[in-house]
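J.: Dropping a structure here in structure tokens format, bear with me for questions.
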Amino acid sequence: MFKNDNTNTRLAYTDSVSISDNAYRALNEGSQPSKDATDPVSVAAKKLIDNVNSDPEFAKQMARDAAFGTDLKMVKVDDIFNLPTSDHTKRWAEFTQGQKEFEAQASGIREQRITIYNDLKSKGASDADIFNGIMQFNKTLPNDYQKMARIDQLTKYF
């Protein structure tokens, strides 16, 4: 968990959540904050963005990870129990073909991110700007790809 001066920790458990002072005040004043203000994924995404923009070392690592990392196709928990086995020839072929198609698409997208990273780096952009540039690129990716790779959780903030 990242902590800065404008954040209050409200839970003492290991599954703690940090919310902004504004969101906490809104809760206490009886007005309802948006779902994003209390959703743990949204809170974490906003915190990540804040840290990228305020911590140069963190921004450096995140820019590299965003550029050189490989997207993985997420599988829903319910789907894990329904995965085909090699005994189900047709279903297995469809599943593996879908995985291969995603991996090929992810590879091409990774190459584009690396190009963005190298281009912005050569122009003297800060690591925070590079990270933000890659996130802007991610936002232009097809929605179904963003959902499969779960990058939609972050791109909605760019």
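J.: When the range 131-146 is examined, which residues are found to be part of a helix (DSSP H, G or I) and farther than 23 Å from residue 56 by Cβ?
T.: 139, 143, 144, 145, 146
J.: Okay, moving on. Check residue 93 against each of (1) at pLDDT below 95; (2) closer than 18 Å to residue 146 by Cβ; (3) part of a helix (DSSP H, G or I); (4) not β-branched (Val, Ile, Thr) and name the one condition it does not meet.
T.: Against the list (1) at pLDDT below 95; (2) closer than 18 Å to residue 146 by Cβ; (3) part of a helix (DSSP H, G or I); (4) not β-branched (Val, Ile, Thr), residue 93 comes up short only on (2).
J.: What do you reckon, is residue 55 open to solvent by less than 90 Å² (accessible area, probe 1.4 Å), under 14 Å from the mean Cα position of the chain (by Cα) and under 16 Å from residue 129 (Cα atoms)?
T.: Considered against the rule, which asks whether it is open to solvent by less than 90 Å² (accessible area, probe 1.4 Å), under 14 Å from the mean Cα position of the chain (by Cα) and under 16 Å from residue 129 (Cα atoms), residue 55 comes out as no.
J.: Taking the conditions exactly as written (within 30 Å of residue 96 (Cβ to Cβ) and either modelled with pLDDT of 90 or more or exposed (fewer than 14 other Cβ atoms within 10 Å of the Cβ) (or both)), does residue 21 satisfy them or not?
T.: Criteria not met by residue 21.
J.: Let me ask something additional. Name the single residue that is farthest from the chain's Cα centre (by Cα) among those in the range 58-76 being of a type in the set (A, V, I, L, M) and open to solvent by 60 Å² or more (accessible area, probe 1.4 Å).
T.: 75
J.: Can you go through 112, 99 and tell me which one is open to solvent by 50 Å² or more (accessible area, probe 1.4 Å) and either in a helix (DSSP H, G or I) or over 25 Å from residue 40 (Cβ atoms) (or both)?
T.: Of 112, 99, the one residue that is open to solvent by 50 Å² or more (accessible area, probe 1.4 Å) and either in a helix (DSSP H, G or I) or over 25 Å from residue 40 (Cβ atoms) (or both) is 112.
J.: Look at the range 119-129 and say how many of its residues are part of a helix (DSSP H, G or I), without any contact (Cβ under 8 Å) to a residue 12 or more places away in the chain and either open to solvent by less than 80 Å² (accessible area, probe 1.4 Å) or within 16 Å of residue 65 (Cβ to Cβ) (or both).
T.: Total satisfying the criteria: 3.
J.: Would you confirm whether any residue within the range 52-74 is part of a helix (DSSP H, G or I), out of contact with any Phe, Trp or Tyr (no Cβ under 8 Å at 6 or more places or on another chain) and closer than 15 Å to residue 158 by Cβ?
T.: Looking for residues that are part of a helix (DSSP H, G or I), out of contact with any Phe, Trp or Tyr (no Cβ under 8 Å at 6 or more places or on another chain) and closer than 15 Å to residue 158 by Cβ, one finds at least one in the range 52-74, hence yes.
Yes or no, residue by residue, for (1) touching a Ser or Thr at 6+ places or on another chain (Cβ under 6 Å); (2) over 24 Å from residue 45 (Cβ atoms); (3) of a type outside the set (A, V, I, L, M):
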| position | (1), (2), (3) |
| --- | --- |
| 91 | no, yes, yes |
| 104 | no, yes, no |
| 128 | no, no, no |
| 140 | no, no, yes |
| 147 | no, no, yes |
| 153 | no, no, yes |
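The values are calculated or read from the model by the stated rules, or taken from the named source; none is laboratory data. Note that the structure is predicted; figures quoted are calculated from it, not measured. Every residue, glycine among them, receives a Cβ derived from its backbone with ideal geometry; neighbour counts consider all protein chains shown. For accessibility, only protein heavy atoms count, side chains too; no ligands or nucleic acids. Shrake-Rupley method; radii C 1.70, N 1.55, O 1.52, S 1.80 Å.
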